[in-house]
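The values are calculated or read from the model by the stated rules, or taken from the named source; none is laboratory data. Owing to the predicted nature of the structure, the values given are computational and were not obtained by experimental measurement. Glycine also receives a Cβ, built like all others from the backbone with ideal geometry; neighbour counts cover every protein chain displayed.
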């Protein structure tokens with residue numbers, strides 16, 4: 001159980017364009033999902049907490065107007081990287097907790113974004 | 001600032017031996033602790049989680065938590081080449097607080 005699916009697994013885009021990444025909880029409902037970013041040889045850094053039906057909560061230093069998060073349903077959250085630049089190239093990973101109160105986080109397979 | 005520290009490695013262990021991975025954390029009030037395995041280019045995969053002091057065993061894996069000393073460890077018995085990966089320690093600062101803070105990970109290599 002607690003399968004999280006992320007799409008696409010990789011994407012290449014030109015500088016200045018926008019990219020949307022989808023995160024779905026396949027076999028459970030997730031009122032909260034989390035978006036992480038991981039640069040090469042570094043650890044995961046939490047970008048924002050996505051809350052179903054309300055605005056996302058962004059971590060300090062993360063531009064909310066650049067990284068748009070929409071959590072329109074209990075099984076889907078999307079992250080849109082707007083006006084992407086080469087420095088946005090990274091591994092983006094979403095995660096969600098299972099429905100039980102003490103469930104640990106489960107991660108999607110990640111999206112490798114390359115901005116040229 | 002809440003921190004999670006891990007030795008980046010690489011840690012090399014002969015096949016069949018016990019691999020020991022350590023993690024320390026800064027906030028004494030931390031409540032829950034997780035070990036994730038991450039293969040190169042892949043997303044983290046949950047190995048174990050532990051909430052209470054002591055040992056928790058699951059197959060070849062044992063997580064050990066010592067809240068007084070603020071460390072958590074992961075032991076891998078009968079190490080296999082497929083265990084070669086980066087192991088991430090993650091800490092949740094409180095029950096109901098869902099934000100995980102990750103260490104930088106320890107790269108483990110099992111030598112056949």
For the range A:45-80, the count of residues that are within 26 Å of residue B:105 (Cα to Cα) and modelled with pLDDT under 90 equals 1
Per the filter on the range A:2-47, residues touching a residue at least 60 places away in the same chain (Cβ under 8 Å), on the phi > 0 side of the Ramachandran plot and within 12 Å of chain B (Cβ to nearest Cβ) are A:2
Being more than 12 Å from chain A (Cβ to nearest Cβ), crowded, with 19+ Cβ neighbours inside 10 Å and at pLDDT below 95 narrows B:30, B:26, B:43, B:84 down to just B:30
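For (1) without any contact (Cβ under 8 Å) to a residue 40 or more places away in the chain; (2) more than 11 Å from chain A (Cβ to nearest Cβ); (3) touching a helix residue (DSSP H, G or I) at 6+ places or on another chain (Cβ under 6 Å), each residue gets a yes or a no:
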{"site": "B:49", "(1), (2), (3)": "yes, no, no"}
{"site": "B:55", "(1), (2), (3)": "yes, yes, no"}
{"site": "B:80", "(1), (2), (3)": "no, yes, no"}
{"site": "B:104", "(1), (2), (3)": "no, no, no"}
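Just the residues that are out of contact with any helix residue (DSSP H, G or I) (no Cβ under 6 Å at 6 or more places or on another chain) and closer than 18 Å to residue A:113 by Cβ, please, taken from the range A:66-83.
So in the range A:66-83, the residues out of contact with any helix residue (DSSP H, G or I) (no Cβ under 6 Å at 6 or more places or on another chain) come out as A:66-80, A:82-83.
Answer for the range A:66-83, where residues must be out of contact with any helix residue (DSSP H, G or I) (no Cβ under 6 Å at 6 or more places or on another chain) and closer than 18 Å to residue A:113 by Cβ: A:66, A:67, A:68, A:69, A:70, A:77, A:78, A:79, A:80, A:82, A:83.
Quick check: is even one residue across the range A:82-91 away from chain B (no Cβ under 13 Å), buried (at least 21 other Cβ atoms within 10 Å of the Cβ) and farther than 18 Å from residue B:34 by Cα? Working first, answer last.
Initial filter on the range A:82-91 (away from chain B (no Cβ under 13 Å)): A:82-89.
Remaining after also requiring buried (at least 21 other Cβ atoms within 10 Å of the Cβ): A:84.
From what's left, farther than 18 Å from residue B:34 by Cα: A:84.
Scanning the range A:82-91, I find at least one residue that is away from chain B (no Cβ under 13 Å), buried (at least 21 other Cβ atoms within 10 Å of the Cβ) and farther than 18 Å from residue B:34 by Cα, so the answer is yes.
Among the strands (runs of 3 or more DSSP E) confined wholly to the range A:31-116, which include 1 or more residues that are within 23 Å of residue B:6 (Cα to Cα)? Break it down into steps so the answer makes sense when it comes.
Details: elements: A:32-38, A:45-51, A:67-73, A:76-81, A:90-97, A:105-107, A:111-115.
It comes to A:32-38, A:45-51, A:90-97, A:105-107.
Against the definition (surrounded by 15 or more Cβ atoms within 10 Å (Cβ to Cβ) and either under 27 Å from residue A:6 (Cβ atoms) or within 13 Å of chain A (Cβ to nearest Cβ) (or both)), how does residue B:19 come out, yes or no?
Working: surrounded by 15 or more Cβ atoms within 10 Å (Cβ to Cβ): yes; either under 27 Å from residue A:6 (Cβ atoms) or within 13 Å of chain A (Cβ to nearest Cβ) (or both): no.
Answer is no for this residue.
Can you tell me which residue among A:11, A:4, A:19 is surrounded by 16 or more Cβ atoms within 10 Å (Cβ to Cβ) and touching a helix residue (DSSP H, G or I) at 6+ places or on another chain (Cβ under 9 Å)?
A:19 is the lone residue from the list that is surrounded by 16 or more Cβ atoms within 10 Å (Cβ to Cβ) and touching a helix residue (DSSP H, G or I) at 6+ places or on another chain (Cβ under 9 Å).
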